[in-house]
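Worksheet: one structure, shown below.
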Amino acid sequence: MKFSEFKLHQQVFEGVEAMGFEEPSPVQEKVIPIALEGKDFIACAQTGTGKTAAYLLPLMHHLINRRSNKIKGLILAPTRELVMQIDQQFQGFAYFTGLESIAIYGGSDSSIWDQQRVAIERGCNMLIASPGRLLSHLNLGYVDLSELEYLILDEADKMLDMGFVDDINKIVTYLPSKRQTMMFSATMPSKIRVLANFLLKNPVEINIAVSKPAEGVLQAAYMTFDNQKNRLISHLLANKELDSVIIFSSTKIKVKQLHAELVKAGFAAKAIHSDLEQAEREVVMRDFRNRKFPILVATDIVSRGIDVDNIGLVINYDVPHDAEDYVHRIGRTARASSTGVGLTFINEVDIPRFARIEKLIETTIFKIPNPPEIGEGPSYDIHLMRKNNRNHSHQKKGKFNNRRRQPRVQ
Ligand code: ADP
Ligand code: MG
């Protein structure tokens, strides 16, 4: 299918061409017609499937000939990084349309607050905002949302995980009830359904949610003890021409330690974690995106939704706690049909957790033994694990056997 078949307004279509999009992704193919019809919907699809354009293009099509100072569209997204990223895509697509947006996000810098306030008071078609910060502005009385027609919630599951549900509910009290509401989520837990019931009217449900990494990703796992991991990383990265590489770990302590080791070993690596100031995080992300350094060591704060093109290699330094996180982390590579490699380090205690991930993604991932110079790692034997659990710990056994795949909507 071609983008021209959507019959988007010519100036919007030119933006699509200028952005180099040739064919719509599956999510875009399903979502754009429904969004153009003006229906409410909830769309569930994993990271990296092209959800941003799926709502931005219809939104622009709707707004294009009705430029006004009144806010007609509001996009809510969980983090400052995402708000900025959506804003950038908006500006890219909107290049020929004359439509403008204001990005509203939190941060400690008070001049940003003032800029946001001035921009809002001057007026604009579109707000792209994180819920907490928008609510702070709303509470001061100068944000007029009374003529809003389009509400979009991007990464709704993440917003709920981050505790934004009350903020969202409050924001909605400022909006006309006659509006089109579009919700996007990577997962469909029951609390998302509750929110959808509250916000959407006769919604269409769009599901592309096979929770699986994109097809172009080559996945494999190393069986390795914790004390072998750093040497294995060096071995994997040494003497290679490195494209962009992200190494994920679940704790910021490990991120800091590994980062220090890598720097000591002479690799051009940077770290990103929640101890960094917002501004520092932005610089790191921007430089990584612009390929100023090849290796980023990160906690999960960057695993969801942040858009960096063409990550060649993602390494899970440890097995993610949630199977969904695995998909999000691996989702950093092979976005929009390029190819990439996703490697996971599995130590002796993470074996059952990894087995759960394999079950969720319905794939058995190839286990690579350590290279000889690293030394032998643990053996991957899920049956042995189970037997051990049975023999040694009833509690553990019960827990392990009771673990089930998260319910999934078809
Ligand atoms: P999601 O929100 O589902 O995680 P994004 O909207 O951030 O995904 O898109 C992921 C990446 O794929 C972005 O770099 C985006 O520019 C690119 N992309 C999206 N749709 C297309 C398309 N139809 N053709 C080419 N690239 C696309
Ligand atoms: Mg997104």
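Read the figures in this text as sums done on the coordinates, not as results from a lab. Computed from a predicted model, the values in this text were never measured in an experiment. Cβ: placed from backbone, ideal geometry, glycine included. Neighbour counts: every protein chain shown.
For this structure, a couple of remarks:
- Whole-angstrom Cα spans of segment 95-134 along principal axes, big to small: 34, 18, 15
- Computed from point charges on the beta carbon alone (+1 for Lys and Arg, -1 for Asp and Glu), the dipole magnitude for segment 141-221 about its Cα centre is near 280 Debye.
- Descending semi-axes in whole angstrom, ellipsoid equivalent of segment 71-112, from the Cα gyration tensor: 20, 11, 10
- Once the mean of 1/r is taken over each pair of separate Cα atoms and inverted, segment 56-189 shows a Kirkwood hydrodynamic radius of 14.9 Å.
- For the chain, taking Cα atoms only, Rg and Dmax work out to 22.5, 71 Å respectively.
- For LEU153, distant residues with modelled amide H under 5 Å away: LEU76, MET182, MET183, PHE184
- In terms of overall dimensions, segment 124-181 has a Cα radius of gyration and Dmax of 11.1, 30 angstrom.
- Our analysis of segment 237-285 gives Rg over Rh at 0.97, with the two radii drawn from alpha carbon positions and Rh computed by the Kirkwood formula.
- The amide H of GLN219, built 1.01 Å from its N in the peptide plane, has GLY342 as neighbours under 5 Å, considering only residues 5 or more places off or on other chains.
- Gain in span if fully extended, ASN65 to ASN230, counting 0.36 nm per residue against the direct Cα distance: 53.7 nm
- Once backbone amide H atoms are built at 1.01 Å from N, LEU313 has ILE246, VAL341 as its partners under 5 Å, excluding neighbours fewer than 5 places away on the same chain.
- Residue among ASN370, ALA265, ILE152 farthest towards the positive dipole end of the chain, charges placed on Cβ: ASN370
- Long pairs among LYS51/LYS254; LYS158/LYS240; LYS158/LYS367; LYS51/LYS201; LYS51/LYS359, criterion Cα-Cα beyond 29 Å: LYS51/LYS254; LYS158/LYS240; LYS158/LYS367
- Rounded to two decimals, the Cα-based Rg/Rh of segment 130-287, with Kirkwood Rh, is 1.09.
- Cα-centre dipole for the chain with unit charges at Cβ (Lys and Arg positive, Asp and Glu negative), debye to 20: 1220 debye
- Cα gyration tensor shape of segment 1-96, rounded if a/c is under 1.5, else prolate or oblate by comparing a/b with b/c: rounded
- Cα centroid separation, segment 1-32 to segment 78-155 (Å): 24 Å
- Helix-only [θ]222 nm of the chain, DSSP H runs n ≥ 4, -39500 (n - 2.57) each, per residue, nearest 500: -12500 deg cm²/dmol
- Dipole magnitude for segment 78-212: computed about the Cα centre from +1 point charges on Lys and Arg Cβ and -1 point charges on Asp and Glu Cβ, it is near 360 debye.
- PHE366-GLN278 pseudo-label distance in nm [points 7 Å out on the Cα-to-Cβ vector]: 4.4 nm
- Look at the alpha carbon pairs under 8 Å that are at least 6 residues apart: their mean separation over the length of the chain gives a relative contact order of 17 percent.
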